[in-house]
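Asks: I have a structure I would like to understand better, so I am pasting it below and will then ask my questions one at a time.
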Amino acid sequence: MPFRIKVSLAIIALLVLLVVFLPLVVRIPPPANTLSLEAAVAAVDRPDGRLLDVDGVQLYTTFTPYSGTGEAPLAFVLLHGYASNAFSFDAIREGLAAFGDVVAFDRPGFGLSSRPQPDDFRGSENPYGPEAQVRQTVDLIDRLGLERVVLVGDNSGGVLALEVALQHPELVAGLVLVATPAYLLSEGGGAPRWLLATPQLRRIGPVLMRQVAGPPGEQMYTGAWFDATKATDAQREARMIGTTVAGWDQGLWQVTLAGPPASLEGRVQQVSVPALVVAGAAAGSVPLSESERLAEELQDPTLVKLEACGDLPQEECPGQLLGLVADWLTGAGGLIAR
């Protein structure tokens, strides 16, 4: 065998050994400057927020009471998207409270909610899984005694809202679906499941998730804006609050391992409640075709295409979003009499 071929094979063998064994033996320190969940919640120190034990998971929940007179006509539950949290809805909570109580919560693995690890739920249902998140949402609604609930979902939060409406139509009065990739998200994609399950990737996967706290995560966030220069320092800090919790990278990795939600193919047509479908206009927006297909398949849809606003209208143009919701509630949605 020629010497150069022997050298090439030796280099390839060394690279294989590095890829296979290095992730298993190298020391991986935890993220710096993190706090226990309780300490992180205390550091935020918001009187409208608290941890609630829901279905065995600690969910950070904010509550804004109805500000109108008489009995509240509706209640709102706000569901954030990936790598976000309940604080994303801060600018619209007071406006929605004119129509009813407003609840927002951090889904497991995000914001200030808990990050259970496999040893915590081995033998029981994965709390990060799509089905568990439906149950958590329903249990929270029941625990708080909410009635005539309008689910407001952004991105993957919109997909969760659709699933709750499909499985528990008796709880849901209406849907507001903002930049919701209902079909794209359920298609999955990314790394194959067998690769995610390897010991090597399970060990270094959380390190990969730390990119959310760096430039890649910032680009994902600003890409959802039509004009990212409008994003304030306070909004950027609020988005990052989840990275203050110990084990936040492990939690995001568990979200990844849990996999995509069940396909909505052929099921959206069963959603009979009024739905406001909002499509963003940012360069990085969820494709308009997703919102258009949703509007075609829902039984009672209203499709609105935002002008000069991206996939996070609750942050970028809250007044515009609130106006759309108010008009829909009293108009096409028919949930509140004029």
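The values are calculated or read from the model by the stated rules, or taken from the named source; none is laboratory data. Computed from a predicted structure; not experimentally measured. All Cβ positions, glycine included, derive from the backbone under ideal geometry; neighbour counts span all protein chains shown.
Asks: Can you run down the residue pairs with Cβ atoms below 6 Å, 6 or more apart or on separate chains, where the first is in segment 47-68 and closer than 20 Å to I92 by Cβ and the partner is buried (at least 17 other Cβ atoms within 10 Å of the Cβ) and of a type in the set (K, R)?
Replies: Between residues of segment 47-68 that are closer than 20 Å to I92 by Cβ and residues that are buried (at least 17 other Cβ atoms within 10 Å of the Cβ) and of a type in the set (K, R), the close pairs are T64/R93.
Asks: Let me ask something else. Please enumerate the residues belonging to segment 198-241 that are part of a loop (DSSP other than H, G, I, E, B), over 17 Å from Q314 (Cβ atoms) and of a type in the set (V, I, T).
Replies: Across segment 198-241, the qualifying residue is only T198.
Asks: When segment 285-338 is examined, which residues are found to be polar (S, T, N, Q), in contact (Cβ under 8 Å) with a residue 24 or more places away in the chain and surrounded by 14 or more Cβ atoms within 10 Å (Cβ to Cβ)? Write out each step before concluding.
Replies: First, pick out the residues of segment 285-338 that are polar (S, T, N, Q): 285, 289, 291, 299, 302, 314, 320, 330.
From what is left, the residues that are in contact (Cβ under 8 Å) with a residue 24 or more places away in the chain are 285, 291, 299, 302, 314.
Those that are polar (S, T, N, Q), in contact (Cβ under 8 Å) with a residue 24 or more places away in the chain and surrounded by 14 or more Cβ atoms within 10 Å (Cβ to Cβ): S285, S291, T302, Q314.
Asks: Consider S289 against the criteria (1) in a loop (DSSP other than H, G, I, E, B); (2) at pLDDT below 95: it satisfies all of them except one. Which criterion is unmet?
Replies: If we test S289 against (1) in a loop (DSSP other than H, G, I, E, B); (2) at pLDDT below 95, just (1) comes out false.
Asks: Among the numbered conditions (1) out of contact with any helix residue (DSSP H, G or I) (no Cβ under 6 Å at 6 or more places or on another chain); (2) surrounded by fewer than 18 Cβ atoms within 10 Å (Cβ to Cβ); (3) under 27 Å from R293 (Cβ atoms), tell me where P216 comes up short.
Replies: If we test P216 against (1) out of contact with any helix residue (DSSP H, G or I) (no Cβ under 6 Å at 6 or more places or on another chain); (2) surrounded by fewer than 18 Cβ atoms within 10 Å (Cβ to Cβ); (3) under 27 Å from R293 (Cβ atoms), just (3) comes out false.
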